[in-house]
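Trainee: What follows is a single structure, and I will ask about it in a moment.
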């Protein structure tokens, strides 16, 4: 998978520094967080695409994302958020 999207490092740094518990942020930290976010999104989208293919769908919908979250243990932390999404018919 070729990724051309980069998450804004300056915005990530601002979000991190908005937390009172976070002191100084090393220059490389937002870059690493950006890369981790990219890898996370690729993984989530790949799993959702697999769910869409299994249902012969050409589009990934919120329902497919929900199924991906429910079927993958690594996405357990999203279960509460995804519970509000309607099931795939």
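No lab work stands behind these numbers, since they all come straight from the coordinates. Remember, predicted model here, so these are calculated numbers, not experimental data. Every residue, glycine among them, receives a Cβ derived from its backbone with ideal geometry; neighbour counts consider all protein chains shown.
Trainee: Across the range 7-24, which residue is nearest to the chain's Cα centre (by Cα) among those that are over 23 Å from residue 75 (Cβ atoms) and in a loop (DSSP other than H, G, I, E, B)?
Mentor: By that ranking, first place goes to 8.
Trainee: If you don't mind, another one. Scan the range 20-41 and give yes if some residue there is in contact (Cβ under 8 Å) with a residue 40 or more places away in the chain and surrounded by 11 or more Cβ atoms within 10 Å (Cβ to Cβ), otherwise no. Talk me through it step by step, then tell me what you get.
Mentor: Here is the first cut: in the range 20-41, the ones in contact (Cβ under 8 Å) with a residue 40 or more places away in the chain are none.
The answer is no; no qualifying residue exists.
Trainee: Just give me the residues in the range 61-80 being surrounded by 17 or more Cβ atoms within 10 Å (Cβ to Cβ) and either closer than 12 Å to residue 44 by Cα or in contact with a strand residue (DSSP E or B) (Cβ under 6 Å, 6 or more places away or on another chain) (or both), in sequence order.
Mentor: To start, the set of residues in the range 61-80 that are surrounded by 17 or more Cβ atoms within 10 Å (Cβ to Cβ) comprises 63-69, 75.
Passing the criteria: 64, 65, 66, 67, 68, 69, 75.
Trainee: What's the number of the only condition in (1) over 22 Å from residue 68 (Cβ atoms); (2) part of a helix (DSSP H, G or I); (3) out of contact with any helix residue (DSSP H, G or I) (no Cβ under 7 Å at 6 or more places or on another chain) that residue 27 fails to meet?
Mentor: (2)
Trainee: Here's a follow-up. What number of residues within the range 38-61 satisfy the criterion of being over 13 Å from the mean Cα position of the chain (by Cα) and in a helix (DSSP H, G or I)?
Mentor: Adding up the residues that qualify gives 6.
Trainee: Does residue 35 satisfy being in contact with a helix residue (DSSP H, G or I) (Cβ under 6 Å, 6 or more places away or on another chain) and part of a helix (DSSP H, G or I)? Break it down stepwise before answering.
Mentor: Details: in contact with a helix residue (DSSP H, G or I) (Cβ under 6 Å, 6 or more places away or on another chain): no; part of a helix (DSSP H, G or I): yes.
For residue 35, the condition - in contact with a helix residue (DSSP H, G or I) (Cβ under 6 Å, 6 or more places away or on another chain) and part of a helix (DSSP H, G or I) - is not met.
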